[in-house]
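The values are calculated or read from the model by the stated rules, or taken from the named source; none is laboratory data. The structure presented is a predicted model; accordingly, all values stated were derived computationally and were not measured. Cβ placement follows ideal geometry from the backbone for every residue including glycine, while neighbour counts extend to all protein chains displayed. Side chains included, ligands, DNA and RNA excluded: accessible areas come from the protein's heavy atoms. Shrake-Rupley method; radii C 1.70, N 1.55, O 1.52, S 1.80 Å.
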Amino acid sequence: MTGGGETAENGDDSGTQDAEGAPGRLSRFPRLSRLSRRRKGAAALLCLVVLGAASLGTWATGTWPFDKESYCWGAWREDSGPVALSDRVMGDGYERVGEETAAPAPSPARATCSVRVVESTGQGTSSVPAEVSRITAEVGPVPRGAAERRSWLADFFDAKAAPLPEGLPGFAGGGGGALVLPKACDRNGRPTAVTVRGLRGTTSVVGSEPDVAQLLLAVANTAAGKAGCAGGRPMRITAPVADSDTHDLSGAGKSTCRIPGFDFTERENDRYRAHVGAVEDGVQTCSVDDETDVSAPGFAGQFVMARQPRLVALLTGSTGDGSAGDRPPGKGWRGKGKITGRGGILRAECGGAPTVFYMNLGDGLRGIARPGTREIFARAANSVAGRLGCEAVAPRS
């Protein structure tokens, strides 16, 4: 630079001064000194502008220093799309609270997380904030015991939930859903599943079916990754998620859920409501509620057919011993299974694919099954097999 060259040439700059009378290398060029200061000031201003723009950009994308809150081991992010996480539903005086256990791991241990919306409390108050709503996710092997497994299936194979599209092994409804993870995630021979439930006051609600599907997929992909069983590409949905609005059928009588042979003799004071769910080649669902107590309907029964491999694996362990039985349940039955007074499960080939037929009846429906549990299961299974174009799987009566 010119100033540096002059100094080197003269060998001493101790006696030079700038325009303000202070020592400096640019003392012989006061105009250049002023120009340099202007440039420095402009550079500093430019830095502030760039930093401000960067801050606005990171705020818009939800990154530092205005990062959005994340929940469920990073699977869910605040205001990420689903209604349950949207800031649009958050008014003044409310806040979100996230809680989670240790992340999913390559072990049978269950992992849970939740996001609650609570009333904000003023600083210095010791009162417990009132909960407005909550979403809970759980990751772990499906229950081992027979009774627990039946209860789990009653909750998540309910006909009021729609099957996930594109062959994903799961269901989504307004109140929650379930998704079975890949076989590599099985633990002790039991499939691992992700479930999502929601509660607003006393009502089971999460959001729309696409909301529930999005929440399920986010947790499923995160859980599989942390447990080391993700395999190939992350699970995703590109097709529309079906509406889970089911066909309600009053009562449980002849051809309940429009399944010929799934027949009951309803009594005068019985209050049952049947729900027709999915009727597809890969899955069919029917559920019946007991509405004797209108304010709190309860489970009464269900019938399920599944051909998707992961759903088949899930259902074949529903007897509690990890299998559907190692022999036919009786003479004339095709396939292997087990039938009890409560219901039945049968695995048979149908159209070249392993197919499971499953029935679970509560105390009320068992008492009005015509003529009995075994017969009603045989008729319903044959009806659904016929719809699929398969030969009968049970003896005809």
Q: Report whether or not R144 is touching a strand residue (DSSP E or B) at 6+ places or on another chain (Cβ under 6 Å) and open to solvent by 30 Å² or more (accessible area, probe 1.4 Å).
A: no
Q. Can you pull out the residues in region 218-229 that are in contact (Cβ under 8 Å) with a residue 40 or more places away in the chain and either among the hydroxyl-bearing types (S, T, Y) or open to solvent by 20 Å² or more (accessible area, probe 1.4 Å) (or both)?
A. A218, N221, T222, K226, G228
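Just the residues that are within 30 Å of the chain's Cα centre (by Cα) and open to solvent by less than 20 Å² (accessible area, probe 1.4 Å), please, taken from region 333-347.
Quick first cut of region 333-347, residues within 30 Å of the chain's Cα centre (by Cα) only: 342-347.
Passing the criteria: G343, G344, I345, L346.
Quick grid of which residues meet (1) over 26 Å from V142 (Cβ atoms); (2) of a type in the set (V, I, T); (3) in a loop (DSSP other than H, G, I, E, B):
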| position | (1), (2), (3) |
| --- | --- |
| R327 | no, no, yes |
| R334 | yes, no, yes |
| R347 | no, no, no |
| F357 | no, no, no |
| S383 | yes, no, no |
| V393 | no, yes, yes |
Q) Considering only residues of region 57-89 that are out of contact with any Phe, Trp or Tyr (no Cβ under 9 Å at 6 or more places or on another chain) and modelled with pLDDT under 70, which is most open to solvent (accessible area, probe 1.4 Å)? A) W64
Q: Name, by its number, the condition in (1) buried (at least 17 other Cβ atoms within 10 Å of the Cβ); (2) not in a strand (DSSP E or B) that does not hold for L249.
A: (2)
Q: Taking A239 as meeting all but one of (1) aliphatic (A, V, I, L, M); (2) surrounded by 17 or more Cβ atoms within 10 Å (Cβ to Cβ); (3) in a loop (DSSP other than H, G, I, E, B), write down the number of the exception.
A: (2)
(Q) Restricting to region 352-365, and then to whatever is without any contact (Cβ under 8 Å) to a residue 60 or more places away in the chain and open to solvent by 20 Å² or more (accessible area, probe 1.4 Å), can you tell me which residue is farthest from D155 (Cα to Cα)? (A) G352
Q: Looking only at region 191-200, decide whether some residue is open to solvent by 50 Å² or more (accessible area, probe 1.4 Å), part of a helix (DSSP H, G or I) and either acidic (D, E) or touching a residue at least 12 places away in the same chain (Cβ under 8 Å) (or both).
A: no
Q) Among the numbered criteria (1) surrounded by 20 or more Cβ atoms within 10 Å (Cβ to Cβ); (2) among the charged types (D, E, K, R); (3) over 12 Å from the mean Cα position of the chain (by Cα), which single criterion is violated by D186? A) (1)
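Collect the residues in region 91-113 that are under 18 Å from A224 (Cα atoms) and assigned to a strand (DSSP E or B), keeping them in residue-number order. Walk me through how you get there before you give the answer.
Within region 91-113, the first condition is being under 18 Å from A224 (Cα atoms), and the residues that meet it are 100-113.
Residues satisfying the conditions are E100, A111, T112, C113.
Matching residues to (1) among the aromatic types (F, W, Y); (2) in a loop (DSSP other than H, G, I, E, B); (3) in contact (Cβ under 8 Å) with a residue 60 or more places away in the chain:
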residue	(1), (2), (3)
P129	no, yes, no
T136	no, no, yes
V139	no, no, yes
P143	no, yes, no
L179	no, no, no
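Return the only residue of P260, P309, P234 being open to solvent by 20 Å² or more (accessible area, probe 1.4 Å) and in contact with a Ser or Thr (Cβ under 6 Å, 6 or more places away or on another chain). Show your work before the answer.
Working: P309 fails: in contact with a Ser or Thr (Cβ under 6 Å, 6 or more places away or on another chain); P234 fails: in contact with a Ser or Thr (Cβ under 6 Å, 6 or more places away or on another chain).
The unique qualifying residue is P260.
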Q) If you scan region 195-213, which residues turn out to be farther than 13 Å from I135 by Cα and touching a Ser or Thr at 6+ places or on another chain (Cβ under 9 Å)? A) E209
Q) List pairs: first in region 63-90 and over 14 Å from C113 (Cα atoms) and in a loop (DSSP other than H, G, I, E, B), second open to solvent by 60 Å² or more (accessible area, probe 1.4 Å) and modelled with pLDDT of 85 or more, Cβ under 7 Å, 6+ apart or cross-chain? A) K68/R77; E78/E69; G81/Q214; P82/Q214
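Would you say T285 is hydroxyl-bearing (S, T, Y) and part of a helix (DSSP H, G or I)?
On the way: hydroxyl-bearing (S, T, Y): yes; part of a helix (DSSP H, G or I): no.
No, not satisfied.
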Q | Those residues of region 147-172 which are over 21 Å from P234 (Cβ atoms), of a type in the set (G, A, S) and open to solvent by 10 Å² or more (accessible area, probe 1.4 Å), in sequence order | A | A147, S151, A154, A161
(Q) So the check is Cβ under 7 Å with 6+ separation or different chains; which pairs have a first residue in region 290-311 that's in a loop (DSSP other than H, G, I, E, B) and a second one that's among the aromatic types (F, W, Y)? (A) E291/Y272
